[in-house]
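Input: a single structure, listed below in structure tokens.
Only the coordinates and a few stated rules stand behind these numbers; no lab work does. As the structure is a computational prediction, the values presented were derived from the model and not from experiment. FYI the Cβ positions are ideal-geometry reconstructions off the backbone, even for glycines, and counts take in every protein chain you see.
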Amino acid sequence: MRPEDILIINDGSHFLKTIGLILAQKGNRTCVTDSHSEALAELTKKYFRLVIVKLPGKTADSPALLNAVKELNPEARLIILGEDAHLPVEAFQLAVDDYILLPCRPVEVWRRITSCLKALAQGQLDADVERLLEDAGKQADWLEALLAGFLRQAFLCQESDAETDICHIREDVVAPVLDELWDDLQKHGVTLENHLDFLPSHLGTVKGDKAALRSVFRNLINNAIQYGGKGCSLKIDYERSEPFFRLQVFNSGPVPPKKSRPTLSLSLPPGNDQGNGGARSLGLGLRLSREVLRSYGGDIRYEPQLGGTKVQVVLPMS
């Protein structure tokens, strides 16, 4: 079981002190106190996932203590130990996870405490699974929107004339996408170095529809954020090699595992194909990107490097 923060509010009994020692030996962060005022001070300083209270009887401060536990740690599991005849009425009016009526065998007390800890662990697991499913759903929605954008653009390109398939790589593609994703870049602490800022305006014209190329570049930046992780650096560079313009996106951080890396040939020239073997292991976004770029006589190349990953977009210059 995962370690938990546990508060034991005791009445001086050696048994619960021993329980606290055993829980600590199992890796839990336990706090055992015989003082109600000290317990209240701990509750205001720290969030406890499990609170165990042993009530000596119908003392005046027992109701206040129990109410404070639920007010200060409303999501905490609460176990109350005490003699049935001596427990205050308020003890039965709270959302308590377990009442252990004394006298009770020590082994039974331990079993019920560990059962509560197991329920905590299962609840955390369910929350983690729910979060993973939510993240997977968001990714599926993003991929669906990406695919729809590519398909919509494919139909639009068929209806457009050739003169519309010319754009400026910085002004029409890179700058609008960076503006769109700026909040995500800031949220993930990405350091951006954009060398396209120094590209002369008359040298950045390429063949390709700006909406389709934005989808390609947006996919690259989202991948860089995902695989680079928080605090990664992102470098956007370019190279002009007649007759092609090469847009390069390098992100630092862990290189994706081999089984999830796309296999893009480093030597594959734009316009040529080597069958479906290489494309079969591409991510959906990169596969669609390749199809779009090749429709304009370009290509995309994935290059794992020391300390990060570089993806190169190749487009014919106009």
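For this structure, a couple of remarks:
- Asp97 sits among other residues whose Cβ lies under 13 Å from its own Cβ, and their net charge, with Lys and Arg +1 and Asp and Glu -1, is +3.
- Length gained when the stretch Lys17-Tyr99 is fully extended (0.36 nm per residue, less Cα-Cα span): 27.7 nm
- Neighbourhood net charge (11 Å Cβ-Cβ; Lys/Arg +1, Asp/Glu -1) for Phe244: 0
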